[in-house]
Amino acid sequence: MNRVISKYLFYYPAVLAKGEFIPLYLDAYRKFQFFSEQQIREHQLKKVNRLLGYVGRTNTYYQRRFAEKEFSVATLNDLRSLPVLTKADLIAHQAELFSSKGLFAGSKTTGGSTGEPVRLFKSPNALARERAATWRGYEWAGVEIGDPQARFWGVPHSGIGKVKASITDLIANRMRLSAFDITTENLDTYYAALMRFKPAYLYGYVSVIDAFAQHIIDHGLAPIANLKAVITTSEVLSASIRRKIATAFQVKVFNEYGCGEVGSIAHECEHGRLHLMVDNLIVEIDSPDNTVGEIIVTDLFNTATPLIRYRLGDFGSLDDADCPCGRTLPVLKSVHGRAYDMIRTPAGRLIHPESLIYVFEGLQQKTRAFRQFQAIQTELDRIVIRLVPTEAMSENLRALIVEHLKNSVSEEVEYSIEVCSKLDRERSGKMRLVKSNLRKDVAFENASA
């Protein structure tokens, strides 16, 4: 679809109908990226005090939690005196944390990177600002609203979910390619479809775009026609994978960092620096010596489910050096963790971790039978499911979990369920929801040998 038609006849009417006035914010966000440090801090202090005043009047959770605190801060450093909000808090106190859903508030359920499914609401103003910041970040990659996108992403399992996804993809002018089933045949099909579709950019999980890039290199295929950039997300982008993707597609690779709860956190500029979206967020690194620490964010605009000093479960550090791009938005030097593994089947298929995560998120919403989950592939034909259960867990639910995994992931694999009191973390402190203990140097083409 033509970019102008997509932008003005599909995208803008759709978001405006939901109360998301993105066009009104874009120019302001473009200017903000060059604000002085003083201007940025003044903006953040003003917005966070407005948010604190709002929750002080409307939110029963924060009224109770901040009982001994003032609902205002004199400096941004004073924010650190307030208690943190964890995913466990968000799960346990969902009703209390809802300040006001509003007419157009959207709901979001995400497992994030810690294995704890989270549900919250986002106000339309927060959604609009989140998208405005994201589009600004995409402009750094040469991408504009309405440009055709090829999206390597999850595909809903339900019929209704598939219909909704199709409508969303039409509005966004994008072709969705399943990240759940990566085979040589599928990659050939994707390549042919993309040569016809001519996307301006590819977007999706690092591991899937990496597999596609390897396929193009191995088979000596020409780069995708009309491609401007590749934007990767959700997983760690290593230097070697970045080089491979850039070689395969002959365009620059841009990385982004975010989460479902607050949206875009950082986008990469043309010089490879991850700039923080500090017009929407206050980002703290919980470290006594200003090195690597847990990332804590405060969403300045979401009044539906306010997130104040929210622990993400990811670890990172900041870079104080100025960026050659000239933008004054602070730089996230590194993000540690978020290490997912691809699952292999005896027949040689690669299954993206999000395929399993989708299953568990759906079951958690319906059954509330477990608090956390983790899938570990111990053999080519065996996956161990570790669950931290609730009182709702039963033998019938165990059977239901296995049934869903066989239907949605693979029937070739044996699934065993282990109930435990807590899940083990990696040495880095990160939780890996899906991990494989198989050799990583075995190419998926040879997995069925």
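Return yes when residue 67 is exposed (fewer than 14 other Cβ atoms within 10 Å of the Cβ) and under 26 Å from the mean Cα position of the chain (by Cα) and no when it is not.
no
Being assigned by TED's automatic domain parsing to the domain that holds residue 269 and either surrounded by 19 or more Cβ atoms within 10 Å (Cβ to Cβ) or free of Cβ contacts under 8 Å to residues at least 60 places away in the same chain (or both): is that true of residue 142 here?
Against the criterion (assigned by TED's automatic domain parsing to the domain that holds residue 269 and either surrounded by 19 or more Cβ atoms within 10 Å (Cβ to Cβ) or free of Cβ contacts under 8 Å to residues at least 60 places away in the same chain (or both)), residue 142 does not qualify.
Is the range 24-46 home to any residue that is touching a helix residue (DSSP H, G or I) at 6+ places or on another chain (Cβ under 9 Å) and at pLDDT below 95?
yes
Please enumerate the residues belonging to the range 171-188 that are in a helix (DSSP H, G or I), surrounded by 12 or more Cβ atoms within 10 Å (Cβ to Cβ) and free of Cβ contacts under 8 Å to residues at least 40 places away in the same chain.
186, 187, 188
Tell me which residues, restricted to the range 354-400, are more than 18 Å from residue 435 (Cβ to Cβ) and either over 27 Å from the mean Cα position of the chain (by Cα) or of a type in the set (A, V, I, L, M) (or both).
363, 369, 391, 392, 393, 394, 395, 396, 397, 398, 399, 400, listed by residue number.
Would you check if there is a residue in the range 237-245 being in contact with a Leu (Cβ under 9 Å, 6 or more places away or on another chain), modelled with pLDDT of 95 or more, crowded, with 18+ Cβ neighbours inside 10 Å and part of a strand (DSSP E or B)?
No - not one qualifying residue is present in the range 237-245.
Could you pull out the residue among 217, 224 that is assigned to a loop (DSSP other than H, G, I, E, B), touching a Lys or Arg at 6+ places or on another chain (Cβ under 8 Å) and not small (Gly, Ala, Ser)?
The unique qualifying residue is 224.
Any idea which residue in the range 139-155 is nearest to residue 4 (Cα to Cα), counting only those that are of a type in the set (A, V, I, L, M) and part of a loop (DSSP other than H, G, I, E, B)?
145
Can you pull out every residue in the range 192-225 that is surrounded by fewer than 18 Cβ atoms within 10 Å (Cβ to Cβ) and in contact with a helix residue (DSSP H, G or I) (Cβ under 9 Å, 6 or more places away or on another chain)?
Answer for the range 192-225, where residues must be surrounded by fewer than 18 Cβ atoms within 10 Å (Cβ to Cβ) and in contact with a helix residue (DSSP H, G or I) (Cβ under 9 Å, 6 or more places away or on another chain): 217, 218, 219, 221, 222, 223, 225.
How many residues are more than 13 Å from residue 309 (Cα to Cα), touching a residue at least 12 places away in the same chain (Cβ under 8 Å) and loosely packed, with under 14 Cβ neighbours inside 10 Å if we restrict to the range 73-95?
Selection size over the range 73-95: 1.
With the checklist (1) of a type outside the set (A, V, I, L, M); (2) in a loop (DSSP other than H, G, I, E, B); (3) closer than 30 Å to residue 309 by Cβ; (4) at pLDDT 95 or above in hand, flag the one item residue 271 doesn't pass.
All conditions pass for residue 271, except number (3).
Kindly indicate the residue of the range 1-47 that is outside any helix (DSSP H, G or I) and over 24 Å from the mean Cα position of the chain (by Cα) and also surrounded by the most Cβ atoms within 10 Å (Cβ to Cβ) among those meeting that condition.
35
Within the range 169-227, track down each residue that is of a type in the set (Val, Ile, Thr), at pLDDT 90 or above and over 13 Å from residue 245 (Cα atoms).
Correct list: 171, 189.
Regarding residue 271, is this residue touching a helix residue (DSSP H, G or I) at 6+ places or on another chain (Cβ under 9 Å) and in the same structural domain as residue 306 (by TED's automatic domain parsing)?
Taking the combined requirement at face value, the residue does not satisfy it.
For a quick check of your reading: which strands (runs of 3 or more DSSP E) sit entirely within the range 289-393 and have at least 2 residues that are surrounded by fewer than 21 Cβ atoms within 10 Å (Cβ to Cβ), assigned by TED's automatic domain parsing to the domain that holds residue 77 and at pLDDT 90 or above?
310-319
Could you check the range 54-78 and list, in sequence order, the residues that are assigned to a helix (DSSP H, G or I), closer than 18 Å to residue 96 by Cβ, out of contact with any His (no Cβ under 8 Å at 6 or more places or on another chain) and not charged (D, E, K, R)?
Once the filter is applied, which keeps residues that are assigned to a helix (DSSP H, G or I), closer than 18 Å to residue 96 by Cβ, out of contact with any His (no Cβ under 8 Å at 6 or more places or on another chain) and not charged (D, E, K, R), the range 54-78 yields 54, 55, 56, 58, 60, 62, 63.
Report yes if some residue within the range 160-170 is surrounded by 15 or more Cβ atoms within 10 Å (Cβ to Cβ) and outside any loop (DSSP other than H, G, I, E, B); otherwise report no.
So far as the range 160-170 goes, yes, one or more of its residues are surrounded by 15 or more Cβ atoms within 10 Å (Cβ to Cβ) and outside any loop (DSSP other than H, G, I, E, B).
From the list 209, 265, 231, 182, which residue is under 22 Å from residue 313 (Cβ atoms) and touching a strand residue (DSSP E or B) at 6+ places or on another chain (Cβ under 7 Å)?
Only one candidate qualifies: 265.
The values are calculated or read from the model by the stated rules, or taken from the named source; none is laboratory data. The shown structure was predicted, so the numbers you read here are calculated from the model rather than taken from an experiment. Virtual Cβ from ideal backbone geometry, glycine too; neighbours counted across all protein chains shown.
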